[in-house]
Amino acid sequence: MRTTVENVMTTDVAAVNQKASFHTVAELLINRGVSGVPVLDDDSHVVGVVSEADLLAKQEFKERYYGDGYTPPLRARIRHTVGSEGSGFYKALGETAGELMTSPAHTTNPDVAVVLAARQMDKYGVKRLPVVDAEGRLVGIVSRRDLIKVFLRPDADIERQVRETVRGEVGIAVADGVVTLTGTLDEHSQAITAVRLAESIDGVVAVHDKLNWRHDDVVAAYTVWGGA
């Protein structure tokens, strides 16, 4: 079983229209207990994301006294430039969700593997991804917390998939998501493959390799091709 975004996403999504007021966005974030929401056009297409950080720019750039002229520190400016937050100065002038949002939004699809969604979050430095259908319309949202759900997969399910995936006379035990492989295989390469296959299964926290082999074809191949 390959866990996809559809298996872990939230379908009861808090979202706002791009014409929604600053006050409406702030109220929704507080009432729903979320740190960011998708911004939609009139046809429910995702056009951006607005977060707490976007709203806080309104306070961040408020002058404490005439001529204060606040400039963010270098680290913050770099984060705004290469990260997911956008320019804080211009967001401080925003009055609607469309003016406050970061656009375009980084989105994903329901059939995407959770590992790819996790990589996308890390790549763009975002905490959530709106989930859209083929037409770009909102169908859900997936957060970092949602992706962690895969590690709550029952040990029995993990063990069953490992047995279906790993071939040969291999002993398999799973406890709290940690897989232990035991037994003796014909070739060293078979043992390496078994460990890699087990590691690739959704919900596996770690693999303890206690496998043995009768013939070390890995060393033999290295000697022929690279170690002679």
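The values are calculated or read from the model by the stated rules, or taken from the named source; none is laboratory data. What you see is a predicted model, and the numbers here were worked out from it, not measured in a lab. Every residue, glycine among them, receives a Cβ derived from its backbone with ideal geometry; neighbour counts consider all protein chains shown.
A few comments on the model shown:
- Sub-6 Å Cβ pairs linking a first residue in the range 137-150 that is closer than 15 Å to Arg119 by Cβ and part of a helix (DSSP H, G or I) to a second residue that is at pLDDT below 95 and not aliphatic (A, V, I, L, M), at least 6 apart or interchain, are Arg144/Lys127; Val150/Thr3; Val150/Asp202; Val150/Gly203, ordered by first then second residue.
- The range 37-57, subset among the β-branched types (Val, Ile, Thr) and buried (at least 22 other Cβ atoms within 10 Å of the Cβ), residue farthest from Leu138 (Cα to Cα): Val50
- Total residues in the range 125-142 satisfying the condition of being more than 15 Å from Val47 (Cα to Cα), surrounded by 20 or more Cβ atoms within 10 Å (Cβ to Cβ) and in contact with a strand residue (DSSP E or B) (Cβ under 7 Å, 6 or more places away or on another chain): the figure is 1.
- Enumeration of residues in the range 107-128 that are at pLDDT 95 or above and closer than 23 Å to Val25 by Cβ: Thr107, Thr108
- Near pairs, Cβ below 7 angstrom, 6+ apart or cross-chain, from the range 35-51 (modelled with pLDDT of 95 or more) to any residue that is surrounded by fewer than 23 Cβ atoms within 10 Å (Cβ to Cβ) and basic (Lys, Arg): His45/Arg137
- Candidate set from the range 15-51 (those that are outside any strand (DSSP E or B) and under 19 Å from the mean Cα position of the chain (by Cα)); member that is nearest to Glu99 (Cα to Cα): Ser35
- Filtered residues of the range 135-165 (kept if among the hydrophobic types (A, V, I, L, M, F, W, C) and at pLDDT 95 or above): Leu138, Val139, Ile141, Val142, Ala156, Ile158, Val162
- Qualifying residue in the range 149-163 (condition: within 23 Å of Asn7 (Cα to Cα), within 14 Å of the chain's Cα centre (by Cα) and charged (D, E, K, R)): yes
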